[in-house]
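Read the structure below first, then the notes.
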Amino acid sequence: MTQRMTITRPDDWHLHLRDGAMLKAVLPETARDFARAIIMPNLVPPVVTAVDAAAYRERILAALPDGSDFKPLMTLYLTDDTDPADVAAAHADGLITSVKLYPAGATTNSSSGVTNIDKVMPVLEKMAAIGCPMNVHGEVTTPEVDIFDREAVFIDTVLDPLRRRLPELKVISEHITTKNGVDYVASAGDNLAATITTHHLIINRNHMLVGGIKPHYYCLPVAKREEHRLALRKAATSGDKSFFLGTDSAPHIDPNKESSCGCAGVFSATNTMACLAHVFEEEGALDKLEGFASLHGPAYYGLAPNEAKIELVKSAIPVDYPAHIETGEGPVTVFNPGYDLHWRVV
Ligand code: NCD
Ligand code: ZN
């Protein structure tokens, strides 16, 4: 039996597009299904100033397939030296949608991230005053903290104190991976929301580590225990407006993943909507998919939802998604949920 559903065209509230040949190859994978995406600024060198963001935006628009109306929502990479006036001007111009805080050393290309929140308080105060939201990679990076505890410790020692100090700042806790994150966001007020990735709804740390190490399931924040995955699934499918989709689709070429020191990142742009439909159907919550993928995000960012719709179709025969996509730099493996996918966007 064929099943169909129509939803508002979705947006991706956390996406890595890279640059150059990689950008050209991965952008169509997102632009096919999504109308907008929050574009992560962790290029080498990072997108730090309004001038950088304007130039990157032009490169993205130039790389779009003909006829695509995909809209990149630009972000700035917060550093210890970010100028509050530059952020304010870029936000007032509509050039940037938000500012991304990476704790220094937390993840791929984050070496110029923030070393101490105190150093960026003037920027954060300015952002709170003008209504510019902050995306935060919520992990501490101190070597004493176990990598599986980094998120929980960040909430207690950085995020919660910051939100008490500056409650007016609108924050998006990016790619939460724990029950601690879910509970904290669910109980917070209007100025905190969280994105959840596709893959963290599907894999736990066993998928990555049992029966041989699976480098294509390695990402940051790293997948946690099953109880955390279940908490994420519950949050995503609950209808709670504080939770919405940010795929964190983060392409690395296979030689850089399948390596003695493999890069962190899961590339899920190609089949995210199919994976999500599968998950929401399993949870008996297909009616909540539109909220998670298409409505809660724009509402939190103060934007209108997309006018366009997409249709999702489920067929009895599995859909033949590519195992990898070719890029000018080498192959990139597409996220494998570990089961057949029957949904597709038409
Ligand atoms: C991201 C990347 O490769 O840029 N990697 C990842 O594992 N998610 C960085 C990030 O978002 O942490
Ligand atoms: Zn990311």
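The values are calculated or read from the model by the stated rules, or taken from the named source; none is laboratory data. Since this is a predicted model, take the numbers as computed values, not measurements. Positions of Cβ are generated from backbone atoms using ideal geometry, with glycine treated the same way; all protein chains shown enter the neighbour counts. The protein model used for the area step is the full one, side chains on, heavy atoms only, and it has no ligands, DNA or RNA in it. Shrake-Rupley method; radii C 1.70, N 1.55, O 1.52, S 1.80 Å.
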Self-check item: Stretch gain in nm, segment Asp66-Ile147, where the contour uses 0.36 nm per residue and the Cα spacing is subtracted
Solution: 24.9 nm
Practice problem: Tell me the label-point distance for the pair Ala89, Ile317, using the 7 Å Cα-to-Cβ offset, in nm and rounded to one decimal. | Solution: 5.8
Quiz prompt | Calculated over segment 212-346: convex hull of Cα atoms, volume per residue (Å³) | solution = 142
Self-check item: Angle in degrees between helix 50-63 and the longest Cα principal axis of the chain, rounded to the nearest 10
Solution: 20
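Report the Rg/Rh value for segment 1-132, based on alpha-carbon coordinates and the Kirkwood definition of Rh.
Ratio of gyration radius to Kirkwood radius: 1.03.
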Quiz item: Relative contact order, percent, of segment 3-345 when contacts are C-alpha pairs under 8 Å separated by at least 6 residues?
Solution: 20
Quiz item: Roughly how many debye, to the nearest 20, is the charge dipole of segment 3-345 about its Cα centre, given +1 on each Lys and Arg Cβ, -1 on each Asp and Glu Cβ, and no other charges?
Solution: 400
Exercise. Return one whole number: the accessible area per residue of segment 3-345 in Å², for a 1.4 Å probe.
Key: 39
Quiz item: Which pairs in the list Lys24/Lys71; Lys288/Lys314; Lys241/Lys314; Lys241/Lys288 are over 20 Å apart, alpha-carbon to alpha-carbon?
Solution: Lys241/Lys314
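What ranking do 171-179, 135-143, 82-90 get when scored by the average of other Cβ atoms within 10 Å per residue, highest first?
Ranked from most to least packed, the peptides come out as 171-179, 135-143, 82-90.
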Quiz item: What's the percent breakdown of Cα-Cα distances in segment 130-207 across 10 Å bins, shortest bin first?
Solution: 18, 51, 26, 5, 0
Quiz item: Between rounded, prolate and oblate, where does segment 1-69 land on the alpha carbon gyration tensor, with a ≥ b ≥ c its root eigenvalues, rounded for a/c under 1.5, else prolate if a/b exceeds b/c?
Solution: prolate
Quiz prompt | Inter-label distance for Ala264 and Ala304, nm, one decimal - labels placed 7 Å from Cα along Cα-to-Cβ | solution = 3.8
Self-check item: Ratio of the Cα radius of gyration of segment 3-345 to 2.2 N^0.38 Å, where N counts its residues
Solution: 0.92
